[in-house]
1. Net charge around Phe117, counting only other residues with Cβ within less than 12 Å of its Cβ (Lys, Arg = +1; Asp, Glu = -1)?
2. Among all the lysines, which ones have a C-alpha under 26 Å from Lys55's C-alpha, if same-chain residues fewer than 8 places away are not counted?
3. Please work out the C-alpha center-to-center distance from region 64-90 to region 18-40 and express it in whole Å.
4. What is the distance, in nm, between label points placed 7 Å from the Cα along the Cα-to-Cβ direction at Leu28 and at Gln67?
5. What is the sum of charges, Lys and Arg at +1 and Asp and Glu at -1, for the other residues whose Cβ falls under 13 Å from the Cβ of Asp25?
6. Could you list the residues of region 28-47 with an amide nitrogen less than 19 Å from a label point located 7 Å from the Cα of Val16 in the Cα-to-C-beta direction?
7. For Leu105 paired with Ala125, estimate the spin-label separation in nm (one decimal), with each label point 7 Å from Cα along the Cα-to-Cβ line.
8. Out of every Cα-Cα pair in region 2-124, what percent are more than 23 Å apart?
Amino acid sequence: MILADSSVWIDYFRGVICWQTDMLDQLLKREPVLMADLIFTEVLQGFRSDKDFAKAKKLLSSLPFHQIGGYEVALQSALNYRILRKQGITVRKTIDVFIGTFCILNRITLLHNDIDFDPLVKHLALKTVKQA
């Protein structure tokens, strides 16, 4: 299964055309794309219009939903952050370490458009969707 990060969903709802939004559009037509609590919040909090918020909420709520948090993911996220810091790498957003760690632990592939995930790919074996 594939989890789409908020970086892709935000571009998708803004109408940004890039390979990630094209991939998301294709995936939505042929298989379930996972939604997670933190991503759900990040995406929905950015809508200014009630109409756009309701439309996005309806679509996102129709997807298989997972809670990312919990003790195991929180602890492993802290450990992963420390592993990267020891290598001189600082990920700017803790939430990205959390999302990436959740994917690693659950063997879920991540579709993203955010360079903060690159160290998790390179050093922690995060699996991501590659450009075709």
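Read-outs throughout are calculated quantities, based only on the coordinates presented, and are distinct from any laboratory measurement. Note that the structure is predicted; figures quoted are calculated from it, not measured. Cβ placement follows ideal geometry from the backbone for every residue including glycine, while neighbour counts extend to all protein chains displayed.
1. On the way: positive: Arg92, Lys93, Lys122, Lys127; negative: Asp5, Asp96, Asp114, Asp116, Asp118.
Its environment carries a net charge of -1.
2. Once the sequence-local lysines are set aside, what remains near Lys55 is Lys29.
3. Value for the Cα centre distance between the two parts: 23 Å.
4. Each label point is offset 7 Å from its Cα along the Cβ direction, giving 2.7 nm.
5. Details: positive: Lys29, Arg30; negative: Asp11, Asp22, Glu31.
Net charge in that neighbourhood comes out at -1.
6. 28, 36, 38-47
7. Taking the simple label geometry, Leu105 and Ala125 are separated by 1.6 nm.
8. On the way: 2337 of 7503 pairs.
Value for region 2-124: 31 percent of Cα pairs lie more than 23 Å apart.
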